[in-house]
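The values are calculated or read from the model by the stated rules, or taken from the named source; none is laboratory data. Note that the structure is a prediction, hence the values are computed from the model and not measured. All Cβ positions, glycine included, derive from the backbone under ideal geometry; neighbour counts span all protein chains shown. Protein only, heavy atoms only, side chains kept; ligands, DNA and RNA dropped before computing areas. Shrake-Rupley method; radii C 1.70, N 1.55, O 1.52, S 1.80 Å.
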Amino acid sequence: MTVEKRKRVSKKRKIAWRKHSKIKDVEDFLEEQGFEERIGNIIEQKSDKELFHLDTNTTEPAILSKKEKRKILTEKPLRSFSAFQQPVYLNLKSNTKRDIISKRLQKRLKMKAKETLKPSEVQSLKDTKIAMEKKKQQAMEDKYNADLWITEDSREPELQSEWVSNSTRQNILRGESKFRKILPKITRWKQTILPSVEPPHPGMSYNPSFEDHQALLKEIADKEQKIIKEEQHLNRVTNKMFRKITRERNQENWIEEMSQGLPHAQKEDNSDSEVDTSGPISVNPPVVNKKKDLKQRRKQKEQQKLRHALKLAKIERRKVADIYKLKQIKTKLVKNEEKLETLQQKRTVKKKEMIHKPKRVGPKKYEEPDLEFTEIKDLTGNLRTLKKEGNLLMDRLKSLQKRNIVEPTARRTKKKAKVKQFIKPGHKDDWKVTVAKAKLQPRPLLRNKKIISGDSF
Amino acid sequence: MVSKRKKKYSTGEGSQFISRKQALKKLQLTLNDFRRLCIIKGIYPREPRNRKRAQKGDTGIKTLYHIKDIQFLMHEPIIWTLRDYKIFNRKVGRAKAVRDFKTMKKFLDNHPTLKLDHIVKERYPTFIDAIRDLDDCLTLCFLFSTFPSLAHIPREQFNLCRRLTIEFMHAIIEAKALRKVFISIKGYYYQAEIKGQTVTWIIPHHFSFEPQSKQEVDFKVMSTFVEFYLIMLGFVNYRLYHSLNLFYPPKLSISTPNESEKALVDENMFLSERIAALNTPLVKTSNEPVEEDIEIDTFSENNPEKIEEARNEAIKIKKLKTLFKGLKFFLNREVPREPLVFIIRCFGGEVSWDKNLFVGSTFNEDDETITHQVADRPSLEKQYISRYYVQPQWVFDSVNAKELLPVSKYFIGEVLPPHLSPFVNNERNPFEQYIPPEERALMDPAFAEEINKKRQEKENKQVDCIDNNDELEHDNNEIIKTNGLEETEVEKLDPALDKKKKLSVAPGTIYKEEPWMQKKQERQEYKLREKMIKKKHRKIYRAMIRNKKDKAKESWLLRKKRRIIDESKKDNKT
């Protein structure tokens, strides 16, 4: 048999790939396998017992009359109630993974009981069994199985005595697993005094008294008014500050601005400017770097010294005069102190106010949520027809933000990257028509196409 | 030798703070892990005194943490678990990508778990500390217990929330610790007193879950809070149960519903079972009474009034604990069952409902021993004579008033009186602040009686056709009396009385200490003491008194206005 010389072909393109890859042996194999699967294994070799089985089950499905069927139907719940029914859990037998494993394990144990097992196999079987039981027990156990605030004491009784100081305790425990870093003082301090659940405004009752309801309404209205005022102010300060002009005028302005310095815009002025350029550029005489001579320098130094001496003399004179000004200075000092005191008072007042306000912990400022409120027309006065207001989850988040536990953030949505879509060159048209068929079709058709395209030109 | 130049921001505020990004780098954690760690450990961002200095010259606003906080976080062993999570995720992701499902399942079975017990202990060194911080925990857990299962949140968290909240409610029932309740449009507010600490929480109304369109709230963050709070609540429950001589975890014995009952259930099964569980008492470990009631000592302190007040309060609370004892309630089906069952059981009442509708009912509607039936519809077809038909608000208002209110105002079909908040400052002094008479009547029953008497008297007087002027004067006097400040003036107003006393000679009578004389004496002494106030405190004291007086005056004025309005109304009617 001669070995066919393997021809090296480039399979770069799809057509080449299709043409040169040999998959016949694979296909043959798959077909054979499929065939065997369909037929079953070689039948001739199987015994009758394997192929057939005797049906000894005599119970036939009961044939029911129409009446009997209806009777059964009446006992079932109505179909219209099916939405209300509880889902039926069919797998009453636990079919969890753990159970399956344990079943498999028992099977293996039974099978291997007769045979001799290797000691390692026996060990592995035992181990798996123990591990399974342990896991099962762990799942059954309750997480909360001890008094958290007592156990620690009972473990280290001698360390808990009052004679042992905190630092000693820490020192003894250092390097052990029980060692825990003590909370630093700064962490232990509570940062806010705001309550975690704020008491509700009495006007938020489902059946409020008129006064309370009005009080709440007033609070909300005041807040709203403040916002409106702020908005108006911003509008006045920004939008309304500028004059409005027509679109045409705006266009003109724009053109004028944009064509600044261009030759044709300054055509008329050109003749004038040409005349100007011939004369001097500046009115001032040109600067000359003229050096001072030695005499001038000496004089300048002397002047400087004199000025300094005079200044010192003046200070000395003032010192003497100040003795007579003591009263004035005193009043000045007192005034200054008073000023400082008032400032300090102001600061303390402000500090006190700030305690009840959320702090600024992040780039975004905390925004007070709207108060819950029901309009008078929605107040029914009974519990059955109560109209719910507000979102409790949102309320919780806002409370956490207010107490600076969570920093206020704006939820960011990820911008999806734009995926540029393009079609591969081989897929541009329906490739079956343009590429594959073109190869298969006889030439005349191609020629035909050419003609058609020629016609169109 | 020249000392080394000190670098900028190496001391003071510049060295005390660390930005979030720096903290991430220092702890080698991702942002999500860092957030989780901070929530669990209770480390929050801070606001520096001088931001520019704290940010080392940067003027923008950054999230800053105290450096000691971050150093403290570095010692936390659960950081290692968080890092393990990262590796675990990578491994699982890889196994999934190469479609090696066997190893993927193996990994998933041994996923790392966070153990938070020690953190609870660390953050709350004593049990009282934990209770003090229970408000947030309860509100969030109750809220999550009403949610359906959501993406990215472990399902067991919801189940655990349900379990622990119901256990907590049981503990409250057993301890009779509930004090105040309030129905707001947001939800039910409850306030309990546990170990001397007031705990307030909100339970949402039925069907509280609202799917959010814009994802305003990050469920993952909230779930981290819940994760920690669940551990905390579990241990608090454990301690509470043991202090009440109860088994923990409790076996909530719910009679399993039969087929017909199951077929009839139209509400969520868990909800009805949850409420049914509330209606059964728990098993006790021993019948020893839990020592609780503390007798108030009778020290002769300088302010006996306050002691008296405290004692009265204690008596009121003792009465409140057995408010509904011996009463039997039947709930109609339109009534929200969970809050009512909880409240009634808290104060020793017995509750039941239609056994055909929900599981766990204890007696039927035709039981003749039922004292109250709670209904929320204008009329009922079949009514028993032996019981009151009241609207649910009666239960809530009775609890807040700390006594059983007259039912007549709360009968079905009746227009209800307003449901007032018990959370408004209860230290409101009627002389310092104006309180509408209706509310004051609710707050103290003595005042209500007084009002009733007055009304009757007035009616009698009107029958007798006595001049209105007289009455006005009489009222005026009374108001001044109640104001308490101008008592001496009142005495001056009645000179005739004084004269008589001076003139009449009564030989042989035992010397009796006149109460008004004593008062006068006291007043004088008080004034003397006032004069002895140090110069340092004088100004603030005067301001205080002035404030008090102003408030009293305002309150008096408002009451006067009210009286005039009332009278004009009455005149219009007649």
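Return the residues of region B:70-89 that are of a type outside the set (A, V, I, L, M, F, W, C) and within 13 Å of another protein chain (Cβ to nearest Cβ); say none if nothing qualifies.
B:Q71, B:H75, B:E76, B:P77
Report every pair of residues separated by at least 6 positions or lying on different chains whose Cβ atoms are under 7 Å apart, first residue within region B:56-69 and facing another protein chain (nearest Cβ under 7 Å), second open to solvent by less than 40 Å² (accessible area, probe 1.4 Å) and assigned to a loop (DSSP other than H, G, I, E, B).
B:I61/A:G362; B:T63/A:V361; B:T63/A:G362; B:T63/A:E407; B:T63/B:P45; B:K68/A:P184; B:D69/B:I43
Provide a single number: the residues in region A:183-192 that are within 9 Å of another protein chain (Cβ to nearest Cβ) and either buried (at least 21 other Cβ atoms within 10 Å of the Cβ) or of a type outside the set (S, T, N, Q) (or both).
4
Within the group A:E36, A:E32, A:E27, A:E50, which residue is open to solvent by less than 100 Å² (accessible area, probe 1.4 Å) and either in contact with a Lys or Arg (Cβ under 9 Å, 6 or more places away or on another chain) or modelled with pLDDT of 70 or more (or both)?
Answer to the selection: A:E36.
From the list B:I343, B:I370, B:I435, B:I385, exactly one residue is assigned to a loop (DSSP other than H, G, I, E, B), more than 16 Å from A:N207 (Cβ to Cβ), among the aliphatic types (A, V, I, L, M) and within 14 Å of chain A (Cβ to nearest Cβ). Which is it? I'd like the intermediate steps shown before the answer.
Working: B:I343 fails: assigned to a loop (DSSP other than H, G, I, E, B); B:I370 fails: within 14 Å of chain A (Cβ to nearest Cβ); B:I385 fails: within 14 Å of chain A (Cβ to nearest Cβ).
None of the others qualify; the one that does is B:I435.
What are the residues in region B:192-206 that are surrounded by fewer than 20 Cβ atoms within 10 Å (Cβ to Cβ) and touching a strand residue (DSSP E or B) at 6+ places or on another chain (Cβ under 8 Å), if any?
Result: B:E193, B:T198.
Find the residue count for region A:193-212, including only residues that are over 17 Å from A:E372 (Cβ atoms), facing chain B (nearest Cβ under 7 Å) and not in a loop (DSSP other than H, G, I, E, B).
1
Residue by residue through region B:315-340, note down the ones that are surrounded by 15 or more Cβ atoms within 10 Å (Cβ to Cβ) and more than 14 Å from every other protein chain (Cβ to nearest Cβ).
Of everything in region B:315-340, those that are surrounded by 15 or more Cβ atoms within 10 Å (Cβ to Cβ) and more than 14 Å from every other protein chain (Cβ to nearest Cβ) turn out to be B:L320, B:K321, B:L323, B:F324, B:L327, B:K328, B:F329, B:F330.
What residue, of A:K364, A:K402, A:K388, is in contact (Cβ under 8 Å) with a residue 12 or more places away in the chain and within 11 Å of another protein chain (Cβ to nearest Cβ)?
Testing whether each residue is in contact (Cβ under 8 Å) with a residue 12 or more places away in the chain and within 11 Å of another protein chain (Cβ to nearest Cβ) leaves just A:K364.
Does region B:15-37 hold any residues that are open to solvent by less than 50 Å² (accessible area, probe 1.4 Å), under 14 Å from B:R83 (Cβ atoms) and not hydrophobic (A, V, I, L, M, F, W, C), and which are they?
The one that is open to solvent by less than 50 Å² (accessible area, probe 1.4 Å), under 14 Å from B:R83 (Cβ atoms) and not hydrophobic (A, V, I, L, M, F, W, C): B:D33.
Of everything in region B:212-241 that's without any contact (Cβ under 8 Å) to a residue 12 or more places away in the chain and open to solvent by 30 Å² or more (accessible area, probe 1.4 Å), which residue is nearest to B:I194 (Cα to Cα)?
Here is the first cut: in region B:212-241, the ones without any contact (Cβ under 8 Å) to a residue 12 or more places away in the chain are B:212-218, B:238.
Next cut, open to solvent by 30 Å² or more (accessible area, probe 1.4 Å) only: B:212-216, B:218, B:238.
On the way: B:Q212: 35, B:S213: 39, B:K214: 39, B:Q215: 36, B:E216: 34, B:D218: 32, B:Y238: 14 Å.
Per the stated criteria, the residue is B:Y238.
For residues that are closer than 15 Å to B:K328 by Cβ, in a helix (DSSP H, G or I) and either open to solvent by 10 Å² or more (accessible area, probe 1.4 Å) or among the acidic types (D, E) (or both), tally how many sit in region B:388-410.
Number satisfying all stated conditions: 1.
Of the conditions (1) out of contact with any strand residue (DSSP E or B) (no Cβ under 7 Å at 6 or more places or on another chain); (2) in a helix (DSSP H, G or I), B:A151 clears all except one; give me its number.
With respect to (1) out of contact with any strand residue (DSSP E or B) (no Cβ under 7 Å at 6 or more places or on another chain); (2) in a helix (DSSP H, G or I), B:A151 is out only on (2).
Out of A:K292, A:K327, A:K319, A:K299, I need the residue that is surrounded by 10 or more Cβ atoms within 10 Å (Cβ to Cβ), at pLDDT below 95 and on the phi < 0 side of the Ramachandran plot. Which one?
Result: A:K292 is the single residue among A:K292, A:K327, A:K319, A:K299 that is surrounded by 10 or more Cβ atoms within 10 Å (Cβ to Cβ), at pLDDT below 95 and on the phi < 0 side of the Ramachandran plot.
Give the residues of region B:366-387 that are in contact with a Lys or Arg (Cβ under 9 Å, 6 or more places away or on another chain), surrounded by 14 or more Cβ atoms within 10 Å (Cβ to Cβ) and free of Cβ contacts under 8 Å to residues at least 40 places away in the same chain, sorted by residue number.
Within region B:366-387, just B:D367 meets the criteria.
Of the conditions (1) within 10 Å of another protein chain (Cβ to nearest Cβ); (2) open to solvent by less than 40 Å² (accessible area, probe 1.4 Å); (3) out of contact with any His (no Cβ under 8 Å at 6 or more places or on another chain), B:F209 fails just one. Which one is it?
(2)
Would region B:199-213 turn up any residue that is out of contact with any Lys or Arg (no Cβ under 9 Å at 6 or more places or on another chain), modelled with pLDDT of 90 or more and within 30 Å of B:Q393 (Cβ to Cβ)?
Yes: one or more hits.
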